[in-house]
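**Q** Pasting in a structure now, in structure tokens, and then I'll have a few things to ask.
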Amino acid sequence: MAAPKNENIKSRILQVTEQLLESKSFQDISLAQVAAKAEISKGTLYYYYKSKGELFCDLTDQYLHRQWEDFLNWTEDDQKDTSLQRLVKYVIERNVASAAFRLRLFGEAQLGDEELKQKLAERYNAFYTLISEKIAQRTNLPAEFLTWLILLASDGIIIQKAIENKAFDADGFVKYAVSCLEALNQPKNQTENMP
């Protein structure tokens, strides 16, 4: 007899898998470990996920969807300061805050998970389009270039943090980048008088 469908069980499976990924690579996690941590039988787990690949795809979709929704909600909230400077800071900080999971995604894609690689490229392009539109609404700076700069800077910061490079000050970098954007975003007559 098939296990009853229950979104709470599926959510719990995804949640515990994400927790396990904080300390292990996806290859090192077994479905038996996921079932035990979720406090369900292996049969129940297999009802929802026939393979680790299916589980990882759902986990990736959930993560990327959450980032998308959070960004949309933030930029469309009239009560928030969503100026260009805050937008840049928001994107970089949000990406860096999920560094461990993002590194796992990149690692899996590099190891040959073609479906994941395609998903990440599609999502990068969708985020690029969305962020670029939001930047274009806030400034006359070249939104396309600035968007890629933000996305690439986020990934670079994640790598520097992952290798624990003490010479790199991530917070200082973000602050300096934002101050440079503030200066560039000034009306032309104001920037001419800058030292």
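**Q** Return yes or no: is Arg123 closer than 28 Å to Glu182 by Cβ, under 12 Å from the mean Cα position of the chain (by Cα), assigned to a helix (DSSP H, G or I) and basic (Lys, Arg)? Explain how you work it out, then say what you get.
**A** Values: closer than 28 Å to Glu182 by Cβ: no; under 12 Å from the mean Cα position of the chain (by Cα): yes; assigned to a helix (DSSP H, G or I): yes; basic (Lys, Arg): yes.
For Arg123, the condition - closer than 28 Å to Glu182 by Cβ, under 12 Å from the mean Cα position of the chain (by Cα), assigned to a helix (DSSP H, G or I) and basic (Lys, Arg) - is not met.
**Q** Would you check if Leu146 is in a helix (DSSP H, G or I), in contact with a helix residue (DSSP H, G or I) (Cβ under 8 Å, 6 or more places away or on another chain) and closer than 22 Å to Leu20 by Cα? Break it down stepwise before answering.
**A** Working: in a helix (DSSP H, G or I): yes; in contact with a helix residue (DSSP H, G or I) (Cβ under 8 Å, 6 or more places away or on another chain): yes; closer than 22 Å to Leu20 by Cα: no.
Taking the combined requirement at face value, the residue does not satisfy it.
**Q** Is it fair to say Lys42 is open to solvent by 70 Å² or more (accessible area, probe 1.4 Å), more than 23 Å from Leu152 (Cα to Cα) and modelled with pLDDT of 80 or more? Step through it out loud before you land on a result.
**A** Numbers: open to solvent by 70 Å² or more (accessible area, probe 1.4 Å): yes; more than 23 Å from Leu152 (Cα to Cα): yes; modelled with pLDDT of 80 or more: yes.
For Lys42, the condition - open to solvent by 70 Å² or more (accessible area, probe 1.4 Å), more than 23 Å from Leu152 (Cα to Cα) and modelled with pLDDT of 80 or more - is met.
**Q** Being over 30 Å from Ala143 (Cβ atoms) and either of a type in the set (Gly, Ala, Ser) or crowded, with 19+ Cβ neighbours inside 10 Å (or both) is the requirement here; does Ala109 meet it?
**A** Judged against the criteria, Ala109 is not a match.
**Q** Output the residues belonging to segment 61-92 that are surrounded by 14 or more Cβ atoms within 10 Å (Cβ to Cβ), within 10 Å of the chain's Cα centre (by Cα) and not aromatic (Phe, Trp, Tyr).
**A** The answer is Leu64, Gln67, Val91, Ile92.
**Q** Filter segment 21-34 down to the residues that are modelled with pLDDT of 85 or more and within 26 Å of the chain's Cα centre (by Cα) and list them by number. Steps first, please.
**A** Step one: of segment 21-34, the residues modelled with pLDDT of 85 or more are 28-34.
Hits for segment 21-34 are Asp28, Ile29, Ser30, Leu31, Gln33, Val34.
**Q** Collect the residues in segment 58-88 that are of a type in the set (Phe, Trp, Tyr) and closer than 14 Å to Arg123 by Cβ, keeping them in residue-number order. Spell out how you get there, then give the answer.
**A** So the first thing to find is which residues in segment 58-88 are of a type in the set (Phe, Trp, Tyr), and the list is 63, 68, 71, 74.
Of everything in segment 58-88, those that are of a type in the set (Phe, Trp, Tyr) and closer than 14 Å to Arg123 by Cβ turn out to be Tyr63, Trp68, Phe71.
**Q** It is to be established whether one or more residues within segment 119-136 are farther than 28 Å from Glu54 by Cα, open to solvent by less than 40 Å² (accessible area, probe 1.4 Å) and among the charged types (D, E, K, R). Walk me through it before giving the result.
**A** Going residue by residue through segment 119-136, those that are farther than 28 Å from Glu54 by Cα are 131-136.
With the extra rule that they be open to solvent by less than 40 Å² (accessible area, probe 1.4 Å), the set shrinks to 131-132, 134-135.
From the residues that got through so far, the ones that are among the charged types (D, E, K, R) too are 134.
Yes: one or more hits.
**Q** In segment 141-158, what count of residues is obtained for those that are free of Cβ contacts under 8 Å to residues at least 12 places away in the same chain and open to solvent by 60 Å² or more (accessible area, probe 1.4 Å)?
**A** Qualifying residue count, segment 141-158: 4.
**Q** On to the next question. Being buried (at least 19 other Cβ atoms within 10 Å of the Cβ) and among the polar types (S, T, N, Q) is the filter here; which residues of segment 11-21 pass it?
**A** Hit for segment 11-21 is Thr17, nothing else.
**Q** Among what's in segment 22-39 and is surrounded by 19 or more Cβ atoms within 10 Å (Cβ to Cβ) and not small (Gly, Ala, Ser), pick the residue that is nearest to Glu108 (Cα to Cα).
**A** Only one residue tops the list, namely Phe26.
The values are calculated or read from the model by the stated rules, or taken from the named source; none is laboratory data. A quick note: this is a predicted structure, and the numbers were derived from the prediction, not measured. Here Cβ is always computed from backbone atoms with ideal geometry, including for glycine, and neighbour counts include all displayed protein chains. The accessibility values were calculated without ligands, DNA or RNA, using every heavy atom of the protein model including side chains. Shrake-Rupley method; radii C 1.70, N 1.55, O 1.52, S 1.80 Å.
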